[in-house]
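Note sheet for the following structure.
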Amino acid sequence: MEITELMIGDIVQYLDGKKLITVVVVKPDGSGNVVRLKQKNGHKFNTTVDYLRPMPLTPEILEKNGFRIVFDGELHVSYFQDIESFHTEVKVDKIGIYQKLSMFDGLGNGVTIIECKYVHQLQHAFSICKIDKQISLP
C-alpha cells in the first residue's frame with residue numbers, strides 16, 4: 001500500500017508476523033511512510049506502510065453494510081441511500097472481483113466511478129458521495 005491511499009478512519013490490515021490484524025488508520029504521515037493505527041481494543045501504535053495490507057471487500061462485508069445483491073442478467077451489488085432528497089445508488093460489478101464502483105443520483109446520472117476492491121476504497125467512495133457511513137465488519 002502507498003501512504004497516499006490512506007485517510008483517517010480507513011480500515012486496513014496490519015501484518016503482525018504471519019497474522020493479519022484489522023486496524024483503523026488514526027493518522028497517515030503524508031510526507032513519509034509512517035502511519036498511526038488503532039486496534040479494536042483501543043491500543044494505538046505506529047508502523048510503516050510496508051506492514052499494511054488492504055482488506056478485500058467480500059459479499060459478507062457488503063451485506064453487513066446495507067448492500068443488496070441484485071440479479072439482473074449479470075450479478076451485481078447495489079446500495080441505496082436517501083440523503084436529503086439525494087438518492088445514491090452504488091453498483092459493484094461481479095461479486096468477488098469489484099473492478100469498479102459507480103454512483104448515481106436519483107435521476108440515473110453518473111456521479112463518480114472509482115476502483116473498489118478493498119474496504120478502504122469503499123470508505124473513500126462513501127466520502128466522495130457525502131454518505132456518512134461507518135463500515136461494520138462481520
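The values are calculated or read from the model by the stated rules, or taken from the named source; none is laboratory data. Everything quoted here is computed from the prediction, not taken from an experiment. Quick reminder, even Gly has a Cβ in these numbers, built from the backbone with ideal geometry, and neighbours come from all protein chains shown.
Listing for the model above:
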quantity	calculated
Count of region 16-64 residues which are part of a strand (DSSP E or B) and of a type outside the set (Val, Ile, Thr)	16
Region 117-138 residues that are over 11 Å from ASN65 (Cα atoms), paired with ones that are of a type in the set (Lys, Arg) (beta carbon under 6 Å, 6 or more apart)	PHE126/LYS133
Residue match in region 33-56 (condition: over 15 Å from the mean Cα position of the chain (by Cα) and closer than 20 Å to PHE126 by Cα)	no
Some residue of region 59-66 being at pLDDT 95 or above and within 18 Å of the chain's Cα centre (by Cα)	no
